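Shown next, in structure tokens, is the structure this report addresses.
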Amino acid sequence: MKQTTSVPIEASKPMNEFSFVDSFVPVPGHLSFLNDLQARALETYRSLPFPDETTSGWHKVSLQGLSSQSYHLPATSIACEPERVGVELATKYAKQMLCCRQIVSQQGRRVNVPAIQGTGLSFGLSSDPAVAFPEKIIQKIGQIVPAVSDKFTAFGYAFASTSTVFYLAEDQVLKAPVFYQEIQQGNHLAVPSTTLIYLARNSSATLVRQRISDDPSHDQFSAGVLEVHLEEGAHLDLLDLNGVSSQSWDFQNQKVILEKDAVLNEFTLLHSPGFSKYRMQADLAGKGSQANITGLFLPAGKQRFYMDTHQNHLGENTVSDLQYRGVMDGESQSRWEGMIYVDPKALRADGYQANHNLILSRSAKVDAIPGLEILTDDVRCSHGVTVTNIDPEQQFYLTSRGIPGKEGVELIVSGFIQKALDRVSLDSLRQMIAEEFISRINKTML
Amino acid sequence: MSEQEDVLRGIEPQRYDFKDPEKYVFKSRKGLDAEVVGQISAHKEEPQWMRENRLKALQQFNAMPMPSWGVDLQGLDLDDLYYYVKPTDEIQNDWDEIPEAIKNTFNRLGIPEAEQKFLAGVGAQYESEMVYHNIQKQLENQGVIFLSIEEGLRQHPDLFKQYFGTVVPFTDNKFAALNTAVWSGGSFVYIPPFVKVELPLQAYFRLNTASIGQFERSIIIADEGSQVHYVEGCTAPQYSKNSFHSGVIEIIVKKGARVRYTTIQNWSTNVYNLVTQRAMVHEEGTMEWVDSNLGSKATMKYPACYLVGPHAHGEMLSMAFAGRGQDQDTGGKMLHLAEDTTSKITSKSISKDGGRSSFRGLVYVDKKAESAKAKVVCDALILDGKSRSDTYPHIENRAENVSIGHEASVSKVGEEQLFYLTSRGLSEEEATTMVISGFIEPLVKELPMEYAVEMNRLIQLQMEGAVG
């Protein structure tokens with residue numbers, strides 16, 4: 001007779017601090033504002049303990065197995081690469097997209113930026129005097145996601161020494177998507193990162209951001225922040241593809257602020273990290289702003305994914321629509337926790353969240369925790385969750401049409417995944433994701 | 001319908017809001033320690049094991065922290081409460097022998113009317129003891145036991161000991177520990193194998209003395225293939241000082257048995273209501289919770305079904321109405337611990353005048369629970385801009401071959417519906433009340449008729465002056 005619902009979690013030993021923390025001395029950059037931010041973040045980082053079961057937002061998240069002592073920081077040096085090095089994908093899609101990369105290794109960071117003159121786009125590192133970002137944009141760094149949010153967020157600001165900034169000026173419309181790769185190079189690398197995407201009034205862009213490890217066998221630790229600000233009428237299509245290695249630990253904290261009539265279409269693919277803690281928050285602050293958020297997570301083996309999503313309706317007539325789809329295999333664990341918050345001022349808000357889970361293995365664990373906090377009456381908010389396995393009737397139908405067991409399962413899974421892909425608005429990108437990622441994952445999963 | 005309307009007119013609002021002068025035989029001093037627990041046990045002339053059990057639970061209660069989630073319990077001072085008040089000496093079986101003051105209370109609640117309607121049995125709890133107990137002869141002949149919990153312990157010590165604390169152990173949570181330490185009053189029900197109790201068993205619970213804690217403890221055992229419907233209705237007079245109610249209900253549904261437990265909770269809006277209700281459902285058994293929460297200042301209540309036998313089924317119909325100053329934190333838990341188990345939770349909540357209603361639910365599917373099916377549907381209505389509605393369902397799955405569905409929605413009363421009804425000549429208030437009646441209809445239709453009438457009337461009372 002079972003008396004308790006809680007799943008036993010191995011008694012966790014106190015975590016060891018990263019070996020570089022005590023001796024770390026920030027190298028002053030040319031922007032005093034960022035120097036201050038880094039100093040404050042470092043202080044916060046040192047003062048906070050590692051989160052455990054009792055820390056808010058970390059329920060059921062165990063950090064056991066994170067060998068913090070083995071990681072090294074990249075050097076602070078920054079170099080610009082003179083030419084485009086042929087990384088498979090970037091080369092293949094070079095004609096259709098503006099391709100750029102950042103390689104982070106123990107030697108430092110190397111960035112490669114294509115010719116973007118005349119597009120209104122500024123892209124590069126905040127510490128690079130060659131890229132002239134408007135001061136008010138740089139001032140936004142650390143203002144959207146505060147460094148004090150949690151220990152791993154503070155880690156990003158404290159140790160990154162620089163920020164990646166993507167800024168599009170007023171009324172500029174980027175015709176081609178920007179394809180930005182962040183490559184983590186070397187075993188036992190710790191990758192702190194902070195990124196700011198800022199779209200000024202009525203500008204519009206499509207950004208594909210892919211984070212990958214140089215070698216699938218490398219053990220890396222990454223903790224990063226993604227800050228997004230969309231000014232009035234700005235429109236961003238953001239595809240976030242998390243492809244760090246299956247040995248890696250990945251902590252990401254993302255927040256998007258939407259001003260009046262701004263639109264965000266976000267698609268997140270989470271498939272490869274061994275451990276992922278991902279937090280996403282959309283603040284629909286301006287009247288009539290809109291966020292369509294899609295997540296596709298495909299854990300297998302012993303992968304553990306923890307996802308938190310927050311749709312905060314703060315302004316009138318705001319619309320949010322979130323859909324997270326997961327296919328879980330092996331002994332994987334995944335947990336999605338979602339919240340729609342409607343402020344008393346957010347009249348006529350319309351919020352939706354859905355989480356659909358397809359289970360392929362009897363050892364996979366899945367938790368789904370949707371949530372609604374509604375503080376006004378003139379709203380329409382709802383959510384839906386399903387957890388299912390492969391429907392034997394669907395399989396029978398396929399078998400009766402001459403498609404045998406395994407192929408049938410593949411087809412059902414593809415159909416399930418396709419519903420998430422259908423929410424990517426640009427045809428070429430939908431196709432790229434399907435071809436480059438999904439088909440490959442499908443092969444290894446089944 | 002016209003007959004129902006007549007009944008409705010007969011119920012005036014004051015009926016649920018009155019108090020009697022205090023009359024009691026024994027009242028413990030304020031606060032809680034081993035001495036008070038010992039006094040309660042001594043007054044009840046309990047066996048040694050129960051006394052020891054109470055003291056162990058008291059230690060557990062002192063050791064556990066207050067819950068950090070759910071409702072705000074800041075206003076609850078556990079040291080400023082009377083933990084035991086004994087109103088009269090004897091358990092009564094004849095209505096005429098009941099003291100006048102107590103009878104008046106029940107008259108206004110309509111118990112004799114219920115009796116007249118040939119209901120199966122009436123157990124009325126006034127403060128901490130059962131004062132009136134009656135059960136129809138034929139049920140007694142069938143071997144059905146329907147006693148106050150104290151009598152249950154006295155008359156059936158072995159049966160009692162076999163089940164007490166097996167469904168809700170005192171280590172379960174802080175308030176279950178408290179209840180185990182100071183429990184007093186409640187029902188002890190046993191239905192023998194294959195006996196079907198056709199009419200609902202009923203018990204009314206009432207609080208009267210200000211600042212007393214009421215800690216009823218009920219055990220319902222439905223033996224193999226039996227069937228029973230237990231109804232618990234609560235109303236409480238209005239007081240300015242906060243009162244506290246913390247009950248524990250343990251239900252055992254044996255193979256193929258069927259139990260329905262219906263609660264209409266209408267404590268006055270100064271009562272903290274923290275209740276643990278749980279059923280252990282064995283092979284092919286069915287447990288149904290019908291739970292409506294209208295009263296209290298703050299309620300935390302999540303009736304649970306532990307589906308431990310294959311093909312067991314759990315069902316939960318929950319309704320919460322949060323008015324001014326109220327926080328209804330309610331929901332349900334379904335734990336699928338065996339194969340082919342099924343469950344369904346339907347929740348309806350309404351928030352008004354700054355009230356807050358929260359649905360908190362859990363569906364847990366264990367690795368062993370192959371082919372489990374679960375469904376959760378939550379609907380919430382918010383009637384004005386000051387009120388709040390929250391939904392926190394948890395779904396945890398450890399099995400492969402399952403089907404779990406959850407959906408929830410929050411909205412206000414549709415303008416189109418109101419426009420349609422007002423264009424047919426209804427006032428806005430009448431129209432809103434009608435929409436709400438329709439909204440909670442799936443729950444109300446599962447109630448016995450008298451309760452359905454009372455419920456609709458209570459909703460009407462809540463809605464009076466809502467629009468204006």
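The values are calculated or read from the model by the stated rules, or taken from the named source; none is laboratory data. This structure is a prediction, so every number in the text was calculated from the model and none was measured. Don't worry about glycine lacking a Cβ; one is built from the backbone with ideal geometry, like all the others, and counts go over all protein chains shown.
If you go through the stretch A:234-258 and pick out every residue that is more than 23 Å from residue A:292 (Cα to Cα) and not charged (D, E, K, R), you end up with 6. Listed here are the strands (runs of 3 or more DSSP E) enclosed by the stretch A:106-200 that have at least 2 residues being in contact (Cβ under 8 Å) with a residue 60 or more places away in the chain and charged (D, E, K, R), and there are none.
Within the stretch A:224-265, being closer than 27 Å to residue A:328 by Cβ, acidic (Asp, Glu) and surrounded by fewer than 22 Cβ atoms within 10 Å (Cβ to Cβ) holds for one residue alone: A:240.
Can you find even one residue in the stretch B:432-449 that is outside the structural domain of residue B:293 (by TED's automatic domain parsing), more than 19 Å from residue B:319 (Cβ to Cβ) and in contact with a Leu (Cβ under 7 Å, 6 or more places away or on another chain)? No, that holds for no residue.
Only one entry in A:109, A:101, A:84 is more than 16 Å from residue A:207 (Cβ to Cβ), modelled with pLDDT of 80 or more and among the basic types (Lys, Arg), namely A:109.
Taking the stretch B:324-338, which residues are without any contact (Cβ under 8 Å) to a residue 60 or more places away in the chain and within 12 Å of chain A (Cβ to nearest Cβ)?
B:333, B:334, B:335, B:337, B:338, listed by residue number.
Would the stretch A:418-433 turn up any residue that is within 14 Å of chain B (Cβ to nearest Cβ) and of a type in the set (D, E, K, R)?
No, that holds for no residue.
Scanning the stretch B:380-426 for residues that are among the polar types (S, T, N, Q), touching a residue at least 12 places away in the same chain (Cβ under 8 Å) and away from chain A (no Cβ under 13 Å) yields one hit, B:417.
Let's see how each residue does on (1) at pLDDT below 85; (2) in contact with a His (Cβ under 9 Å, 6 or more places away or on another chain); (3) among the small types (Gly, Ala, Ser):
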site: B:154; (1), (2), (3): no, no, no
site: B:171; (1), (2), (3): no, no, no
site: B:176; (1), (2), (3): no, no, yes
site: B:192; (1), (2), (3): no, no, no
site: B:199; (1), (2), (3): yes, yes, no
site: B:217; (1), (2), (3): no, no, no
site: B:230; (1), (2), (3): no, no, no
site: B:237; (1), (2), (3): yes, no, no
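Residues in the stretch A:340-370 that are in contact with a Pro (Cβ under 7 Å, 6 or more places away or on another chain) and more than 9 Å from chain B (Cβ to nearest Cβ): A:353 only. Could you please let me know if residue A:264 is in a strand (DSSP E or B), modelled with pLDDT of 95 or more and assigned by TED's automatic domain parsing to the domain that holds residue A:284? It is true that residue A:264 is in a strand (DSSP E or B), modelled with pLDDT of 95 or more and assigned by TED's automatic domain parsing to the domain that holds residue A:284. Only one residue in A:420, A:346 is crowded, with 22+ Cβ neighbours inside 10 Å, part of a loop (DSSP other than H, G, I, E, B) and modelled with pLDDT of 90 or more, so which one is that? Only one candidate passes the filter, namely A:346.
All conditions in (1) touching a residue at least 40 places away in the same chain (Cβ under 8 Å); (2) within 14 Å of chain A (Cβ to nearest Cβ); (3) closer than 27 Å to residue B:382 by Cβ; (4) touching an Asp or Glu at 6+ places or on another chain (Cβ under 8 Å) hold for residue B:318, with the sole exception of (2).
Only one entry in A:331, A:337, A:393, A:373 is in a loop (DSSP other than H, G, I, E, B) and either farther than 26 Å from residue A:208 by Cβ or within 14 Å of chain B (Cβ to nearest Cβ) (or both), namely A:331.
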